[in-house]
Structure formats: structure tokens, C-alpha cells
Amino acid sequence: MLRVEGLHKRYPVRGAGSGRHALHAVDGLDLEIEAGETVGLVGESGSGKSTAGRCILRLEEPTSGLIAVDGVRLAEAREAELRLLRRRMQMVYQDPLDSLNPRMPVGRQIAEPIWLLGVASRPEAERRVYGLLELVGLPGEVARRYPHELSGGQQQRVAIARALAPEPRLLILDEPTASLDVSVQAQIVRLLVDIQSRHGLAYLLISHDLSLVGVLAHRVAVMYCGQIVEIGNTDEVFARPAHPYTQALLSATPRDAPGEQRSRVLLRGEPQAPIDPPDTCRLYARCPCAAPACLERPAHLQTFAPGRAVRCVRFLDEHGRGVVSR
Ligand code: ADP
Ligand code: MG
């Protein structure tokens, strides 16, 4: 239902010396999401996850790239079509208060996108509020409350109800549980699973929390310095990560099964913002597996097994570049 091809977002920055410099926040992102599928987008802070999400929703204008919803390209959509496509994708933020108005009862805030986006008349929208509150596990009386009268978990439920109001097919969830207490996180995760199974929604789950992605995502894309460095089925990527960056992220995450062992992969130093980045491996300076070959060729994302691709020259040399085999 969503196709993203060659998405770039660059910000002009002042660098050392003269001339123009650009921070390549998202640098050639390709991604497809099926109806009803959850794709996790993981990576350290600053890897470009939120920028990618905002560009997909056109909350921010991409520098270049193609975004298509159900086969219709956003850039070519006419006014009415564009409104329909906008309805189909909604965002849920880390902090529910980012999308809620402090001065408006929450019922009106849930009704608003329904009639504003032309999904239904205003009286009909106001009736639908109660069904949406029920869907997110809140009693109808919450409709009269203001956001500050609710707990953090209730606020996030309201934000989810508001995102669901215009009947989207894709939710972009940007760190949806990161601002909540652990016990409340689990409730929101259950709610998201439940809503997906009932309504067949697709999710793009942006998170630095690999255990959350492990629970929710069918596939996972790992981002580093604006690029996907590995993508595949979550189970396979978690069991046999191909990229040293994925290995490092996973080895920093506690395992559920106590007996399971995973070798520790540690990266040197901190991530650098991708300003005028090279086309060779961006992890090179931090990578424990770095070899001379890594600087000899551009690092492209390449398929090495069905549904799995990696951007690591060394791994691809060892496992057969471009060869689709098991
Ligand atoms: P993440 O969500 O993975 O933490 P972001 O998408 O927020 O990453 O940021 C990616 C990179 O883009 C970071 O280096 C960040 O500083 C930079 N960036 C994000 N927004 C802007 C902006 N409006 N202007 C300049 N740089 C930005
Ligand atoms: Mg972010």
C-alpha cells in the first residue's frame, strides 16, 4: 500500500571552510509496506527515522524521491486525490500532547479530522467519537475531558483514536511508547496489535527500542546515517543479523530467553551527523569488522537472501554479492 523510492531529505548546514554543505538526513530510502503489515524502522538517535516519517506524510517536503499510496504518486495526485491520500496515512507521536490541543475537549479533537477531511458530516463525526474511544479502550465520558485531566497512557489512547478517526490505512508511529511508564507501554502495545488485527492497518513503527520492534514488527529496516543498512523479516534479522551495526544494536539489547547467548559487538565512538557523507561505508570508522575493501567500493544495499538485503561490502564479499540463495 505504501511505496517509497529514492527518498532524500537534505538540510543545508554551515560546515568548516567555505562552500555549501548538506546534512543528508535521509539519503536514498527505498521501502514498501503491505496492507496489514508492520515494518519497524530502527536506529540510534539522529539516524533519520523521524525525518523519513515526516517526509512520507509530506509534513516536510522531501528533497527528492517518490512516494506512492495504493499505486498513486503523491507528487502527481490532484487536489481531491491528495486529500484522500493524506487521510490514508496518519501519525502518532512520542508525546501525545504534540498532537492534542490543550484547550479543546478530546471528543471534539477526535471528531475534527473526520469532518475536516470530509469523511463524514459534523454531527455524524460527533457520533463516531464514542466508537473510536471504545476502540482504544476508553469510556465515553472521556470525550468531555481536556488532555491535562488524563494520564499519559490515556492521552496516548486519545492520540491514537484521533489518528484512526479519518479511517487511515497506514499509521506512522514515531516512538509511540517512549514517553510512557513500562506497564502502560505494554497496554499500548496490546492495543496496537489488537487494532491491527481487527482493521488490517499497516504500521511504520519508528523506534530505537528493539524489544518493542521485536514484538510488533513483521519486518525490520535498520537505519544508520540516513540509509537503510539492513532489512528483512524481524525474526531472521534478530536471529542472524548481517550488518555489524545491526549486530551492535542487538547485542546492546537484553534477550528474553536467559540461556541465549549473543556475542557482544561494540562500536567505537559516537555517530557523526552525515554531512557531505562518502558513498563508501558510513560505519567504517566505528566498525569492529572494518577492512581495506570497505573503502574501495560504494556501499550499496544488496539482496543476499530472499527478502533480505544488507549494505556491507565485507559481508557481501563473503556471502556472494547479489546472489539470492540460502
Ligand atoms: P531520528 O528520528 O532517527 O533520531 P532525525 O530524523 O530526527 O533522526 O534526524 C536525522 C538528522 O537530521 C539528525 O542529524 C538531525 O540533527 C538532522 N535534522 C533533523 N531535522 C532537521 C532540521 N529541521 N534542520 C537541520 N537538521 C535536521
Ligand atoms: Mg526521531
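Overview of results
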| read-out | value |
| --- | --- |
| Count of region 152-193 residues which are farther than 24 Å from residue 126 by Cβ and away from ligand 1 (no atom under 16 Å from the Cβ) | 16 |
| Filter result (more than 13 Å from residue 311 (Cβ to Cβ) and in contact (Cβ under 8 Å) with a residue 60 or more places away in the chain) within region 271-288 | 271, 273, 274, 275, 276 |
| Matching residues, region 75-94, being away from ligand 2 (no atom under 14 Å from the Cβ) and either β-branched (Val, Ile, Thr) or in contact with a strand residue (DSSP E or B) (Cβ under 8 Å, 6 or more places away or on another chain) (or both) | 75, 81, 85, 88, 89, 90 |
| Some residue of region 233-241 being among the aliphatic types (A, V, I, L, M), out of contact with any strand residue (DSSP E or B) (no Cβ under 8 Å at 6 or more places or on another chain), in a helix (DSSP H, G or I) and over 28 Å from residue 92 (Cβ atoms) | yes |
| Identity of the residue in region 80-97, in contact (Cβ under 8 Å) with a residue 60 or more places away in the chain and part of a helix (DSSP H, G or I), that ends up surrounded by the fewest Cβ atoms within 10 Å (Cβ to Cβ) | 88 |
| Strands (runs of 3 or more DSSP E) wholly inside region 122-227 containing at least 1 residues that are more than 16 Å from ligand 2 (Cβ to nearest atom) and under 30 Å from residue 280 (Cα atoms) | 219-224 |
| Odd one out for residue 47 among (1) away from ligand 1 (no atom under 16 Å from the Cβ); (2) crowded, with 22+ Cβ neighbours inside 10 Å; (3) among the hydroxyl-bearing types (Ser, Thr, Tyr) | (1) |
| Every residue from region 45-74 that is in contact (Cβ under 8 Å) with a residue 40 or more places away in the chain, more than 10 Å from ligand 2 (Cβ to nearest atom) and either assigned to a helix (DSSP H, G or I) or on the phi < 0 side of the Ramachandran plot (or both) | 55, 56, 57, 60, 62, 63, 64, 66, 67, 68, 69 |
| So residue 196, is it surrounded by 17 or more Cβ atoms within 10 Å (Cβ to Cβ), more than 16 Å from ligand 1 (Cβ to nearest atom), more than 30 Å from residue 254 (Cα to Cα) and among the polar types (S, T, N, Q) | no |
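Values quoted throughout were computed directly from the atomic coordinates according to the rules given, and no laboratory measurement underlies them. The model shown is predicted, which means the values in this text are computed figures rather than measured ones. Note that each Cβ is placed from the backbone with ideal geometry, even for glycine, and that neighbours are counted across all protein chains shown.
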